[in-house]
Amino acid sequence: MPEPRGRVLLADPRGYCAGVDRAVVAVERALEIHGAPVYVRKQIVHNKHVVATLERRGAVFVDETDEVPEGAVVVFSAHGVSPAVKAEAEARSLRTIDATCPLVSKVHMEAKRFAKEDYDILLIGHRGHEEVEGTMGEAPANTQLVDGADDIANVQVRDPDKVVWLSQTTLSVDETLTTVDSLKARFPGLQSPPSDDICYATQNRQQAVKQMAGECDLVIVVGSTNSSNSVRLVEVALEAGARDSHLVDFASEIDEAWLQGVGTVGVTSGASVPEILVSDVLDWLAERGYPDVSTVKAAEERLVFALPHELKQKRAALAVETE
């Protein structure tokens with residue numbers, strides 16, 4: 001055993017959230033029911049390991065529905081899609097399975113309701129993110145994207161008393177509230193959504209990092225670079241007092257130079273990261289003198305989402321056929 005160099009603080013909650021678990025299981029179940037190939041529009045969740053694992057089982061990931069053969073099975077990712085994408089899939093006679101996270105679907109419903117009431121909708125989010133594109137597609141004529149200070153300065157609304165903000169579910173809580181405050185300075189009548197759009201899992205993972213960051217010389221966040229909530233965890237760690245923080249997909253990406261002078265290492269993972277990748281990081285650290293792991297618990301998570309109804313219906317039909 002190597003000589004002890006320090007300790008590890010392990011964030012809890014971390015890793016898979018209910019929406020990610022539902023989406024991944026949806027693809028696995030679709031492969032069991034329909035057989036390979038099952039097509040998936042975009043990455044089912046933003047994680048390299050998960051995507052590669054599903055590809056080995058027969059999932060085929062595509063950017064757009066026009067890449068899917070007519071009549072084939074296609075799964076919509078956890079990030080959601082616009083009505084236009086659903087219409088295109090129907091026109092191509094695709095058998096769709098909608099794995100959109102229910103919390104993202106909630107934001108879609110809010111966008112449709114406020115558009116129906118003719119509000120201007122200010123959507124706080126990152127330009128080009130799949131979730132943002134899906135939400136904006138629900139009410140394109142009423143929705144403006146707010147992605148940073150420049151967008152705030154350029155926002156124009158028809159009636160300052162009929163404007164509401166919504167947000168991408170995976171943003172930094174603090175950053176979003178700062179943006180909302182800036183928007184309210186311009187539009188004092190700005191209304192808030194009926195419930196918080198930033199998902200519980202994003203908030204809980206950020207809170208766990210905030211609780212431990214002040215004690216950490218280094219925080220390692222396991223997650224992919226296209227995972228918004230994983231990237232935010234690095235930023236939250238630094239803002240909350242960690243001396244250094246890095247994002248890695250795998251333990252093999254950790255640079256031993258990061259451990260120079262480090263006594264306490266914090267470890268967490270984004271909401272689309274399977275626990276095996278975190279275990280690999282803990283093993284890597286133990287082999288280099290950080291065997292002692294203490295958990296920092298911020299919240300208890302028990303939420304579970306039911307599978308997409310298309311899969312439940314198909315399983316019921318198969319059960320009847322085999323009786």
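The values are calculated or read from the model by the stated rules, or taken from the named source; none is laboratory data. It should be emphasised that the depicted structure is a prediction, and the values quoted were computed from it without experimental measurement. Cβ: placed from backbone, ideal geometry, glycine included. Neighbour counts: every protein chain shown. To get the accessible areas, we keep the full protein, side chains included, count just its heavy atoms, and leave off ligands, DNA and RNA. Shrake-Rupley method; radii C 1.70, N 1.55, O 1.52, S 1.80 Å.
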>> What's the number of the only condition in (1) at pLDDT below 95; (2) part of a loop (DSSP other than H, G, I, E, B) that E175 fails to meet?
In response: (2)
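Any chance you could count how many residues in region 177-203 are hydroxyl-bearing (S, T, Y) and under 16 Å from Q144 (Cβ atoms)?
Going through region 177-203 one residue at a time, the tally reaches 2.
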> Can you tell me which residue in region 92-124 is farthest from C17 (Cα to Cα), limited to those that are out of contact with any Ser or Thr (no Cβ under 8 Å at 6 or more places or on another chain) and β-branched (V, I, T)?
Replying inline: T96
> Among (1) under 28 Å from G261 (Cα atoms); (2) among the aliphatic types (A, V, I, L, M); (3) part of a loop (DSSP other than H, G, I, E, B), which single condition is I198 missing?
Replying inline: (1)
> Which numbered condition trips up E55, out of (1) under 21 Å from the mean Cα position of the chain (by Cα); (2) touching a residue at least 12 places away in the same chain (Cβ under 8 Å)?
Replying inline: (2)
> Out of the residues in region 206-217 that are of a type outside the set (D, E, K, R) and open to solvent by 10 Å² or more (accessible area, probe 1.4 Å), which is farthest from the chain's Cα centre (by Cα)?
Replying inline: G214
>> Please go through region 16-37 and give me each residue that is without any contact (Cβ under 8 Å) to a residue 40 or more places away in the chain, aliphatic (A, V, I, L, M) and farther than 25 Å from E300 by Cβ, ordered by number.
In response: L31, A36
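Residues of region 69-87 being in a loop (DSSP other than H, G, I, E, B) and crowded, with 22+ Cβ neighbours inside 10 Å, which ones?
Kept after step one, since they are in a loop (DSSP other than H, G, I, E, B), are these residues of region 69-87: 69-72, 77-82.
Selection gives S77, A78, H79, G80, V81.
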> In region 218-247, which residues are open to solvent by less than 20 Å² (accessible area, probe 1.4 Å) and either more than 22 Å from T169 (Cα to Cα) or acidic (D, E) (or both)?
Replying inline: L218, V219, I220, A242, S245
> strands (runs of 3 or more DSSP E) wholly in region 3-65 with at least 3 residues that are in contact with a helix residue (DSSP H, G or I) (Cβ under 8 Å, 6 or more places away or on another chain) - which ones?
Replying inline: 7-12, 38-41
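Answer yes or no as to whether A99 is open to solvent by less than 30 Å² (accessible area, probe 1.4 Å) and modelled with pLDDT of 95 or more. Even if it seems obvious, please write down each step before you answer.
Numbers: open to solvent by less than 30 Å² (accessible area, probe 1.4 Å): yes; modelled with pLDDT of 95 or more: yes.
The answer is yes for A99.
Listed residues S245, S224, S279; which is in contact (Cβ under 8 Å) with a residue 40 or more places away in the chain and polar (S, T, N, Q)? Full working, then the answer.
Numbers: S245 fails: in contact (Cβ under 8 Å) with a residue 40 or more places away in the chain; S279 fails: in contact (Cβ under 8 Å) with a residue 40 or more places away in the chain.
Being in contact (Cβ under 8 Å) with a residue 40 or more places away in the chain and polar (S, T, N, Q) holds for just one of S245, S224, S279, which is S224.
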> open to solvent by less than 20 Å² (accessible area, probe 1.4 Å), outside any helix (DSSP H, G or I) and either in contact with a strand residue (DSSP E or B) (Cβ under 9 Å, 6 or more places away or on another chain) or among the hydroxyl-bearing types (S, T, Y) (or both), is that true of L145?
Replying inline: no
> What pairs can you find where one residue is in region 86-101 and more than 18 Å from G134 (Cα to Cα), the other is of a type in the set (D, E, K, R), and their Cβ atoms are less than 9 Å apart, with a gap of 6+ or different chains?
Replying inline: R92/D66; R92/E70; S93/E70; L94/E70; L94/E88; R95/E310
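Residue under question is D280, and the condition is that it be over 17 Å from V50 (Cα atoms) and acidic (D, E); does it hold?
Details: over 17 Å from V50 (Cα atoms): no; acidic (D, E): yes.
Considered against the rule, which asks whether it is over 17 Å from V50 (Cα atoms) and acidic (D, E), D280 comes out as no.
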> What number of residues within region 7-25 satisfy the criterion of being open to solvent by 20 Å² or more (accessible area, probe 1.4 Å) and under 19 Å from E256 (Cα atoms)?
Replying inline: 1
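Okay, residues lined up against (1) closer than 30 Å to R95 by Cα; (2) surrounded by 14 or more Cβ atoms within 10 Å (Cβ to Cβ):
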position: G266; (1), (2): no, yes
position: I276; (1), (2): no, no
position: S279; (1), (2): no, no
position: W284; (1), (2): no, yes
position: D292; (1), (2): no, no
position: E301; (1), (2): no, yes
position: V304; (1), (2): yes, no
>> So, F61, is that one closer than 22 Å to H108 by Cβ, aromatic (F, W, Y) and touching an Asp or Glu at 6+ places or on another chain (Cβ under 9 Å) or not?
In response: no
